[in-house]
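First comes the structure, then the notes that go with it.
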Amino acid sequence: MPPARDRTARFITIAGPATALLFLASLCLMFRRGYDFTDEGSYLLIMARPREYPTYHLLTGFLFHPLYQLLDGAVAPLRIAWLAAVTLSALCLSLAAVRAAWPPEARPPASLLWPLSVTLAASSAAYLVIWLPTPNYNSLNLAAACLFGAGFLGYPAETPPPAGKPPPREGRSRAAPLPALLVAAGIWLSFLARPFTAAAMAALVALRPLADRRCGLRSIVLPGLAAAALLAATAIYVDGSFAAFAGRYFTAAFEEGLAGAHSPGTLLVPDPAYALGLAGTPLGPCFLLLFLYGFSLGPSAGGGGRAEAAGSGPSAWNLLRLLLPPACLCLLALGYTGHWWYSQASGHLLWAAPLGALARCPAARRGTPRPGRRGPGAAAPLLLLPLLPAYALGSNNGLTVATSAGAFVWQAALLAVLARLYPGDDLPRRLALLAWAGLFVAAGIVLTSLGNPYRQELGLWGYSRPARVPAGGGELLLPEAAAAYLNDLQAGAAAAGLEDGIPLIDLSGRAPGAVHALGAYTPGTLWLYSGYPGSQLYAQHALSKLSCGELAAAWILFDTRPPLRPLDPRLLLPHGIRFPGDYEVAARAIYPSPAAPGVTYLRPHLLLKPARPLPRALAACRARRAAGGPGQGPPAAGPGPAPPGLDSDARRPLQAAAGS
């Protein structure tokens, strides 16, 4: 295919990568700001000490632990490194999608292939539609989907037969190792993040021969064996045996059922507040505008793209096409304030323009591939479309939100479909304009997320007070209340002698990030959730797994103004612990708990240090467990009255300090 000679394509091949790099660099500057005390804190806990949680079923901590150690736990460099990793995986998928614009036997010009792919890959930063930039299982699942998609689109690739070997039969191709390994790596990484998504990927590999008759049994066996080998090595490394590895997942399923925090059926429940609400915000007009933008780039039923390509010089229409995506960015920025769900649903804007271009493609309406382009493999990208719903399997959100962060997969898949069905010769220019639009849409999506950071105060760019996470580690810029909370906790903990690696039981049920910031860890389970129907049962079970040594040495973080369904301190009684009599106050701090956009509740927290000598605490725990058993505690259904000592000694002064 001849390279595009018009000024629009040349402009995008230069300005696209430059704008993409500027966009990613701007994101890196924002990674010093913000810290979520709930989900993000749990991500850091698991990657700091993955072996402390033998029943946690997501294995992301083992994967990220070497990077965490290499960067000495500094959060901002960790976020930057992970953005680079996700972008590189997206670049693999982008190269595979853009490469489809040329026939298999043609060598695409690097002056077009790489600039378009880099511009398209930068759109993957829309995974920050929910502002959780620290490495986590959701973004790992996106990176896995990108690697899987890259291998899937390029598999099976044509490889020359070895010397002395006959060429493959007509209609078949030899399995190339690189695409097969990318598919295997995608399945493996997805298993570490969300095992259900990995199972869906394996099913897509089995269905690949239906979309491409060149694929034989080898195209299934080779990635299958590679993925099985990676999973087997993971099982041995993580748990030492296959039986213990399987037991980890059975135990995790039982514990999640106790808490009632996650329900597989949630994904199937419609979320009209997100889907229908798009029309009441700038998201609805933006989606329609981008769809029409893509529709204008699609070929007509008559002459394809040739007529327009002939007159594709500098014109008002081409200038409008270049300026419309930045206009969408501005339109997105108008409506972010005050809508948590507004930013969470905006990721789906990424595939609006490719869908519009595909809707106008005559070959798409007829269901036939473009002659001479990809032949029997033209339907393969369609198999990637189920990958986005599969990406959401295991989520506790509705389908609209659960798939929003992975919308880049659909963007790349639809572009790959378009590349196989487009009838004209000016396809690279069309892809350049679509990639250009995606870049600005991704910037608008991230802008809405910066305005509504996950469970933090509005406006991430306004955070200015420094705090260290963890204590003695890298510095982050936080809101005034959040920084004061961490600084007060860390100062009191240091004065009371809290050391790194000490167990700390979070009875507040909502601050694993504070535990990590203190250099401690949550024993037995990653997070004692509060507020769920089974929170008491879950906490009772988690405490029963702890040894008396851990319980005797553990500090406690306690919320003196209990939330809905709080964790009952009487759960400690079956372990020989009298609360709060066996503890002394080490620090007092005011926890900022965002409840709605612009609304933050101030909750008094106490950091409590064990007051009893360790031998005495050990003896009390062993005696109580021997007499009654750790499972015999207070009724799990009700929280019971607040401890009397906290009413008089702690709650009133802290509430006064909070302004209540």
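Calculated on the alpha-carbon coordinates, the convex hull of segment 465-621 measures out at 103 cubic angstrom per residue. Taking amide H as placed 1.01 Å from N in the peptide plane, residue 603 has its amide H under 5 Å from the amide H of 591, 593, each at least 5 places away in sequence or on another chain. Multiplying the residue separation of residue 484 and residue 246 by 0.36 nm and subtracting their alpha-carbon distance yields 81.4 nm. For segment 432-575, the per residue solvent-accessible surface stands at 28 Å², with DNA, RNA and ligands left out and a 1.4 Å probe.
Between segment 12-88 and segment 390-407, the alpha-carbon centres lie 20 Å apart.
With every protein chain in place and a 1.4 angstrom probe, the accessible-area ranking of 545, 609, largest first, reads 545, 609. Computed from the Cβ-Cβ distance with R0 of 25 Å, the FRET efficiency linking residue 107 to residue 218 stands at 0.45. For the listed peptides 64-76, 231-243, 571-583, a ranking on the average number of other beta carbons within 10 Å per residue, highest first, reads 571-583, 64-76, 231-243. Here, segment 412-528 is characterised by an Rg to Rh ratio of 1.27, where Rg is the alpha-carbon radius of gyration and Rh the Kirkwood radius. Residue order by solvent-accessible surface for 550, 255 is 550, 255, largest first, with ligands and nucleic acids left out and a 1.4 Å probe. Under 5 Å from the amide H of residue 587 lie the amide H atoms of 607, each residue being 5 or more positions distant or on a separate chain, with H modelled from the backbone and absent for Pro and chain starts.
The values are calculated or read from the model by the stated rules, or taken from the named source; none is laboratory data. The model shown is predicted, which means the values in this text are computed figures rather than measured ones. Virtual Cβ from ideal backbone geometry, glycine too; neighbours counted across all protein chains shown. For accessibility, only protein heavy atoms count, side chains too; no ligands or nucleic acids. Shrake-Rupley method; radii C 1.70, N 1.55, O 1.52, S 1.80 Å.
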